[in-house]
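Take a look at the structure below.
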Amino acid sequence: MSADASPPLERLSKLGQSVWVDYLSRDSIRGGHLRQLIDEDSVVGATSNPTIFEKAMSTGNAYDEQLHELAAQGSNLEQCFWALAQQDIKDACDLFRPVWERSGRRDGYVSLEVDPRLAYETLQTFREAMHLHQTVDRPNLMVKIPATRPGLASIEDVIAKGHSINVTLIFSLQRYAEVAESYIRGIERLVAEGGDPRAVASVASFFVSRIDTEADKRLEALDAPEQLRGKLAVANARLAYRHYLEAFSGPRWEYLVGKGATPQRVLWASTSTKNPAYPDTLYVEDLIGPDTVNTMPEDTIKAYQDHGKPESRLQSGLQEAEALLAELARVGVDYDDLTDTLEREGVEKFSESFAELLQALQAKQDSLAPA
């Protein structure tokens, strides 16, 4: 099979972008489906979040046996969730371990998020991230920490301790710059204390489709020109990637590279298209570039395999991206308010999913209890 005839996601991977799947469940891990995605769809990592676990654990019976055992041991609902989730993450890490080894620790990671209710608690987030790394005990685990302002210090501290982190819920260019700085400072501290940065990997998860959803809503309310809609998410991501290239270059970073450090790659998250008027591969097609990750829901993976046209486009249209931000400000879209709103709503959504998850586990536990 020639390079041109190979599947679209394989060609995308050859352009330097890693494909991760934004879903995880016990059925997919143990039933062979996740292995199939690795073998057939170039998937080299997986991400999870409270919403994903809520969907996985509230349907089917894959968790019933372990849940029943935990209930018999007297575990409360939160203890049950973490036991179930950590078992899935361990199994997924083991499945991706050959990918991690083969890629030289570049890929093969599985992400597990700290309790979303801790998003504004620096010390508690740090302690939970350290605890999760200790209990899961897999070198290819990434613990997810939200990029709230209090989260930035937690991110730096966990990196400084030599652990891998997926920084999640990034929306604004300013916050992304702060996330990259937190990572670099963490690596500097690790090196200064004699640690080995080769054991540390990190991604900065930039949320994409939600930006267009919120921007389009505001543009419609302002009766702004229709041609401005559906453009901000891609423009925002391209400008973020430009900062990535600047942040991870120059003498300061090159010194750390000499010690074995690897850059914190940008990861495109929330890449399913929410607006049916937009192409279903929009947030893949326009964001392909070297040293990036796209974590895709399975529907997006299928769509891209069917009709994706991979080409490196991430570094194009930068002047247009800057002009768009200026035009949006001119018509009355407040970028800072938009991204602050999305961050706050993102934390709230994951906290709500966590509460719904505990309710679903309670219902399952009740159904499993002897009459």
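Does segment 16-63 come out rounded, prolate or oblate, given a ≥ b ≥ c as the square roots of the eigenvalues of its C-alpha gyration tensor, rounded meaning a/c under 1.5 and, failing that, prolate meaning a/b above b/c? Oblate. Where does the Debye-calculated log10 I(q)/I(0) of segment 63-161 sit at q = 0.15, 0.21 Å⁻¹, using only Cα point scatterers of equal weight, no solvent? After summing over all Cα pairs, the log10 values are -0.68, -1.07.
Applying 1/(1 + (r/R0)^6) with r as the Cβ-Cβ distance of V257 and V331 and R0 = 56 angstrom yields a FRET efficiency of 0.85.
Highest mobility in the GNM of the chain, judged by mean-square fluctuation with C-alpha springs under 10 Å and restricted to A237, A201, A329, is found for A329.
Could you point to the residue in L318, T262, A329 farthest towards the positive end of segment 238-335's charge dipole, with +1 and -1 charges on the Cβ of Lys/Arg and Asp/Glu respectively? Looking along the dipole axis, the top candidate is T262. For the residue pairs K144/K274; K55/K349; K161/K349; K161/K259; K90/K144, the alpha carbons lie more than 18 Å apart in K144/K274; K161/K349. Once the Cβ-Cβ distance of K274 and L245 is raised to the sixth power relative to R0 = 25 Å, the FRET efficiency obtained is 0.30. Taken about its Cα centre, segment 28-183 carries a charge dipole of about 320 debye when Lys and Arg each add +1 at the Cβ and Asp and Glu each add -1 at the Cβ. Against the main long axis of the alpha-carbon atoms of the chain, helix 77-102 sits at an angle near 60°. Once the chain from T135 to K349 is taken as fully extended at 0.36 nm per residue, the excess over their C-alpha distance is 74.4 nm. E311 sits among other residues whose Cβ lies under 11 Å from its own Cβ, and their net charge, with Lys and Arg +1 and Asp and Glu -1, is +1.
Note: relative contact order over segment 205-253, using C-alpha pairs below 8 Å and six or more positions apart, is 35 percent.
A simple count of charges around K144, restricted to other residues whose Cβ falls under 13 Å of its Cβ and scoring Lys, Arg +1 and Asp, Glu -1, yields -4. For the chain, the square roots of the Cα gyration tensor eigenvalues, ordered a ≥ b ≥ c, give a/c below 1.5, which places it in the rounded category.
For the chain, a simple Cβ point-charge model (Lys and Arg +1, Asp and Glu -1, everything else neutral) yields a dipole of about 920 debye relative to the Cα centre.
Principal-axis analysis of the Cα atoms of the chain puts helix 209-221 at an angle of about 60° to the longest axis.
Using a cutoff of 8 angstrom between alpha carbon atoms and counting only pairs six or more residues apart, the relative contact order for segment 173-271 works out to 46 percent.
Based on Cα contacts under 8 Å between residues 6+ apart, the chain shows a relative contact order of 22 percent.
None of the figures in this text is laboratory data; all of them are computed from the coordinates on show. Since the model is a prediction, treat every value here as computed from it, not as a measurement. Don't worry about glycine lacking a Cβ; one is built from the backbone with ideal geometry, like all the others, and counts go over all protein chains shown.
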